[in-house]
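Novice: Below is the structure I would like to discuss, written out as structure tokens.
The values are calculated or read from the model by the stated rules, or taken from the named source; none is laboratory data. All of these numbers come straight from a predicted model, not from anything done at the bench. A quick note on method: Cβ atoms are made from the backbone with ideal geometry, for glycine too, and the neighbour counts reach across all protein chains shown.
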Amino acid sequence: MLKLSILTQQQQDSIHVAALNVLKTVGCEIQDKKWLDLLSKNGVKVDFKTSKVFITDEDIVNSSLESCGHSIKYAARDPQKDWIIGQGAAKTHTPEGMTHIIDLESRLYREAKLSDLADLTKICDFLPNIDGVIDPVVPYDVPPTLQSVIITKTLIENTTKPVDPAGIALKEGFPYVMQMLITLLGDRDISEYSLGVGVTATSPLQFPFDQLDTYWQGIELGSSCDVGSMPQAGSTAPASLAGTLTLFVAEILMGLIMGQIKKPGLSQFVFVRPCLSNPRFGIFNSGPPEVGLLQAAATQLCKEKYGLLVNAGWGVSDSQCINPQVAYEKCYIWMMSLAAGADMISGVGGLGSGLISSPAQIVIDDEIIAHLRRGVQGIIVDDFHLGVEMIEDIGIGQTFLFHPKTSQIIREEWLLSELPNRNSYNTWKVEGAADLVSRAEKNAKEILTKHKVEALDPNLEEDLNCILKEAKKMLL
């Protein structure tokens with residue numbers, strides 16, 4: 001297996017110590033009184049006038065890391081497709097909450113609709129290297145107060161893979177989303193699963209009320225939770241990469257401490273999203289090489305220093321359209337995170353710094369992930385695969401093409417893809433000279449036409465409809 005180390009042990013220790021100093025001297029702003037009361041009662045220094053919290057005792061950090069649970073699953077309609085985080089290959093999923101789409105027919109940029117959400121989810125349901133769906137777009141043709149509820153129902157209807165509506169502001173719809181996800185679980189133990197709840201710091205060092213409230217409620221429901229940080233180097237974090245990592249670690253540790261004080265032993269994972277602020281244009285960027293370094297280093301820290309599960313590799317290109325920039329940015333960031341040991345990677349279909357989705361890009365990303373997964377698997381080296389007997393069988397100057405073991409090995413070791421063009425120039429011309437984007441668009445259209453998502457169980461469908469009906473009654 002391919003393994004990447006960005007930071008030495010000494011560098012990891014230095015970042016950890018720096019983050020502890022930040023938590024001790026600067027602290028974090030916690031914009032929720034019930035959290036402040038809980039933290040104060042458990043030995044954390046709290047300034048109630050400023051809503052600031054300071055971690056002055058390193059034992060609180062250590063005990064939180066020691067008590068943190070690591071049993072996390074994501075529920076699918078089909079329990080056989082449930083994710084078990086941290087076992088086997090890294091899980092892949094769409095990025096959360098994109099607002100626009102590249103239309104499959106016209107290739108034009110437009111606002112996302114509910115039908116787009118259904119189509120994107122259905123494509124993900126079909127493709128083998130996409131493991132789950134986290135609300136890929138927020139539909140503009142749905143009332144804002146009902147968005148989270150309708151998105152959750154649409155996700156469940158259009159895939160048998162794990163779903164997560166957490167990329168959108170749940171707010172008023174939170175209770176109904178939780179009802180739908182608990183209904184999806186059925187008789188599965190809620191304490192083993194993530195319901196898509198957690199808290200992501202607003203860098204630098206703020207935890208806003210709306211996320212803190214759902215974090216609290218999610219823990220009380222019994223869900224495992226994520227703790228996230230998305231500092232932007234040069235604006236909401238220091239321009240130095242080490243400084244951004246220091247801020248990231250401080251925010252992650254604060255979120256983790258809250259969760260473990262609220263419920264010792266709570267299973268949690270880290271949501272790794274450090275990026276850059278473009279110094280020329282003053283906008284958010286997710287594609288530069290420094291982002292790959294940050295995500296890989298943050299992953300390494302969380303895995304090696306703290307022993308935590310990690311969702312990293314937010315591979316959403318800064319390009320506004322499908323082009324070579326998309327490919328090299330996604331490949332680089334995903335490979336860096338996979339090689340650093342990420343348990344989940346995100347960004348399938350994502351363009352425009354995480355604001356645009358594309359059905360064709362989802363198809364291409366499935367192919368990219370297949371290549372990367374093959375890359376990190378490495379090479380089998382044993383007596384059989386060393387091939388001495390085959391070389392002896394064939395001898396000098398002959399071909400291995402028809403050796404009886406050749407087809408067996410190809411099926412076992414090679415990635416035989418259909419999307420890329422691997423033919424000769426003349427054959428490619430005769431077959432229509434289609435480029436990769438055209439082939440991906442064709443594949444996406446065929447999936448939408450031919451792929452039939454398994455129908456909902458009638459009882460589950462009835463329960464979801466009842467929950468939506470109640471949400472409409474209360475929220476509209």
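Novice: Out of T56, T92, I need the residue that is modelled with pLDDT of 95 or more, touching a helix residue (DSSP H, G or I) at 6+ places or on another chain (Cβ under 6 Å) and closer than 30 Å to T159 by Cβ. Which one?
Specialist: Of the residues listed, the single one that is modelled with pLDDT of 95 or more, touching a helix residue (DSSP H, G or I) at 6+ places or on another chain (Cβ under 6 Å) and closer than 30 Å to T159 by Cβ is T92.
Novice: Okay, next question. Across segment 267-298, what is the total count of residues that are part of a loop (DSSP other than H, G, I, E, B) and under 22 Å from G27 (Cα atoms)?
Specialist: 2
Novice: For I85, which of the numbered conditions (1) out of contact with any strand residue (DSSP E or B) (no Cβ under 6 Å at 6 or more places or on another chain); (2) assigned by TED's automatic domain parsing to the domain that holds F207 fails to hold?
Specialist: Among (1) out of contact with any strand residue (DSSP E or B) (no Cβ under 6 Å at 6 or more places or on another chain); (2) assigned by TED's automatic domain parsing to the domain that holds F207, the lone unmet condition for I85 is (1).
Novice: Quick check on G255: is it touching a residue at least 60 places away in the same chain (Cβ under 8 Å), under 29 Å from S223 (Cβ atoms) and not aromatic (F, W, Y)?
Specialist: no
Novice: Given the options P136, P79, P143, name the one that is modelled with pLDDT under 95 and within 21 Å of L448 (Cα to Cα).
Specialist: Just one listed residue meets the conditions, P136.
Novice: Identify, please: which residue in segment 126-161 is among the acidic types (D, E) and crowded, with 22+ Cβ neighbours inside 10 Å and is, among those, nearest to Q80 (Cα to Cα)?
Specialist: Kept after step one, since they are among the acidic types (D, E), are these residues of segment 126-161: 131, 135, 141, 157.
Going one step further and asking which of them are crowded, with 22+ Cβ neighbours inside 10 Å, we end up with 131, 135.
Values: D131: 12, D135: 21 Å.
Restricting to residues being among the acidic types (D, E) and crowded, with 22+ Cβ neighbours inside 10 Å, the top hit is D131.
Novice: Answer yes or no as to whether P264 is outside any helix (DSSP H, G or I), of a type outside the set (V, I, T) and modelled with pLDDT of 95 or more.
Specialist: yes
Novice: Criterion first (under 26 Å from G265 (Cβ atoms), more than 18 Å from the chain's Cα centre (by Cα) and in contact (Cβ under 8 Å) with a residue 12 or more places away in the chain) does L221 satisfy it? I'd like the intermediate steps shown before the answer.
Specialist: Working: under 26 Å from G265 (Cβ atoms): yes; more than 18 Å from the chain's Cα centre (by Cα): yes; in contact (Cβ under 8 Å) with a residue 12 or more places away in the chain: yes.
Judged against the criteria, L221 is a match.
Novice: Restricting to segment 456-476, name every residue that is exposed (fewer than 10 other Cβ atoms within 10 Å of the Cβ) and not in a helix (DSSP H, G or I).
Specialist: L476
Novice: Could I ask something else about it? Answer yes or no: is there a residue in segment 351-362 that is in a helix (DSSP H, G or I), closer than 21 Å to S317 by Cβ and of a type in the set (V, I, T).
Specialist: Yes, some residue in segment 351-362 is in a helix (DSSP H, G or I), closer than 21 Å to S317 by Cβ and of a type in the set (V, I, T).
Novice: In the set V227, V199, V177, which member is assigned to a strand (DSSP E or B), assigned by TED's automatic domain parsing to the domain that holds D82 and either more than 19 Å from Q268 (Cβ to Cβ) or modelled with pLDDT of 95 or more (or both)?
Specialist: Within the list V227, V199, V177, the selection yields V227.
Novice: Out of everything in segment 180-196 that is without any contact (Cβ under 8 Å) to a residue 60 or more places away in the chain and either among the hydrophobic types (A, V, I, L, M, F, W, C) or surrounded by 23 or more Cβ atoms within 10 Å (Cβ to Cβ) (or both), what residue ends up being farthest from Q268 (Cα to Cα)?
Specialist: This residue is I182.
Novice: Could you list all residues from segment 236-250 that are surrounded by fewer than 24 Cβ atoms within 10 Å (Cβ to Cβ) and part of a helix (DSSP H, G or I)?
Specialist: Passing the criteria: L241, A242, G243, T246.
Novice: Looking at segment 86-121, which of its residues are of a type outside the set (S, T, Y), over 19 Å from the mean Cα position of the chain (by Cα) and either under 26 Å from S71 (Cβ atoms) or in a loop (DSSP other than H, G, I, E, B) (or both)?
Specialist: D103, L104, E105, R107, L108, A112, K113
Novice: Could you tell me how many of the residues in segment 122-167 are free of Cβ contacts under 8 Å to residues at least 60 places away in the same chain, outside any helix (DSSP H, G or I) and touching a Leu at 6+ places or on another chain (Cβ under 6 Å)?
Specialist: 4
Novice: Please verify whether segment 324-334 includes one or more residues that are touching a Leu at 6+ places or on another chain (Cβ under 7 Å) and over 30 Å from Q11 (Cα atoms).
Specialist: Yes, the conditions are met somewhere in segment 324-334.
Novice: Tell me yes or no: at least one residue of segment 7-26 is at positive phi and either part of a helix (DSSP H, G or I) or not assigned by TED's automatic domain parsing to the domain that holds A201 (or both).
Specialist: No, that holds for no residue.
Novice: For segment 202-212, how many residues meet the condition of being within 22 Å of the chain's Cα centre (by Cα) and assigned to a helix (DSSP H, G or I)?
Specialist: The number of residues fulfilling the criteria is 3.
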